[in-house]
Every structure is written in structure tokens, then in C-alpha cells.
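First up is the structure itself, then whatever we jot down about it.
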Amino acid sequence: MVNHYLSDITVAWFNHHELPADEMQEYLPLVQWMKQNASNHDDLEYLKLAFEYLLTHPDVNHEDFSGGRYPYDSDDIIEIIDFIYRTIWSDSPPVSLSNSDDVQLVSISLDDWWASREQLAELITLSK
């Protein structure tokens with residue numbers, strides 16, 4: 001899921017550019033697109049948790065979220081995630097380590113992620 005939504009920025013940027021943006025603000029239209037995309041799939045709150053985790057865990061290889069062949073290093077990805085976070089959740093308190101203690105990133109395909117969310121929704125509906 002994280003790779004999917006980050007690729008709305010890191011991969012999509014290179015559809016019309018040869019180099020990464022000079023200023024984070026240049027990514028703003030793509031961040032707005034990513035927000036709408038995540039919102040359409042009801043993933044916005046999960047994405048927020050994942051970004052909080054990534055922003056507070058420097059031991060994670062952030063380069064894994066660079067979109068593959070694109071020239072972003074870990075620092076670039078952290079800067080992009082921070083920009084996204086500050087843009088979308090500007091009213092949220094600053095991220096701290098204590099906010100993400102119960103979050104764990106797992107490797108799962110996007111289709112499996114969405115299927116698991118559908119199964120959970122069905123279980124909740126059945127229990128009502």
C-alpha cells in the first residue's frame with residue numbers, strides 16, 4: 001500500500017521530468033492526487049499510520065519506497081514523506097515515536113491488502 005501511494009509521487013513525477021523536483025512544493029499536485037486516490041480507497045488513515053512509522057523509524061530502509069529505478073535515496077524519501085505528511089495532515093500534532101508503537105509494516109501485495117480490508121468489512125457487517 002505504501003509503495004502504491006508513494007509511486008503516485010515518485011514514479012508519476014518522471015512521466016514529465018528527467019530529474020527529481022528541486023523543491024518539495026513542486027510535488028504538491030501529485031500529493032493532492034495521492035490524497036484523493038488514498039481517500040477513494042479508504043486508505044488515508046492507514047497511510048497516515050504508515051508514514052508516521054516511517055518518519056519515526058530511521059532503521060527502515062526508506063530507499064525501498066523509492067519506486068525502483070528512480071534516483072531517490074533514503075533521505076529523499078524521508079523528505080518526500082515528511083512533505084506529504086505536513087501537507088495532508090497539517091493539523092496533526094508532530095509525529096513522535098510514541099505515536100507509532102503499535103504499528104508494524106508488513107510486506108503484502110496491494111490486492112491482498114484491499115482483499116483483507118474487504119473481508120474485515122464483511123465480518124463487521126455480519127456481526128451487527
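The values are calculated or read from the model by the stated rules, or taken from the named source; none is laboratory data. Note that the coordinates shown come from a computational prediction; the quantities given were computed from them, not determined experimentally. Note that we place each Cβ from the backbone using ideal geometry, even for glycine, and neighbour counts take in every protein chain shown. Ligands, DNA and RNA are excluded from the accessible area calculation, which covers all protein heavy atoms including side chains. Shrake-Rupley method; radii C 1.70, N 1.55, O 1.52, S 1.80 Å.
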Within the stretch 1-106, DSSP-loop trypsin sites (Lys or Arg not before Pro) with at most 16 other C-beta atoms within 10 Å are Arg69
For the stretch 1-119, the accessible surface attributable to carbon and sulfur atoms (probe 1.4 angstrom, ligands and nucleic acids excluded) amounts in percent to 47 percent
Could you work out the local net charge near Ile88, counting Lys and Arg as +1, Asp and Glu as -1, over the other residues with Cβ closer than 9 Å to its Cβ?
+3
Please compute the per residue accessible area over the chain with all protein chains in place, 1.4 Å probe, rounded to a whole number of Å².
63 Å²
Would you mind telling me which residue in Leu30, Leu54, Leu105 has the biggest mean-square fluctuation in a Gaussian network model of the chain, where springs connect alpha carbons within a distance under 10 angstrom?
Leu105
If the chain between Asp73 and Val106 were fully extended at 0.36 nm per residue, the gain over the current Cα-Cα distance would be 9.8 nm
Of all the stretches in the chain, which is the longest one without any exposed loop site, taking GluC sites (Glu not before Pro) in a DSSP loop (any state but H, G, I, E, B) with at most 15 other Cβ atoms within 10 Å?
24-128
Which of the DSSP-defined H helices in the chain satisfy a minimum axial length of 15 Å, computed from C-alpha atoms, and a minimum mean Kyte-Doolittle hydropathy of -1.0?
28-40, 44-56, 74-88, 110-127
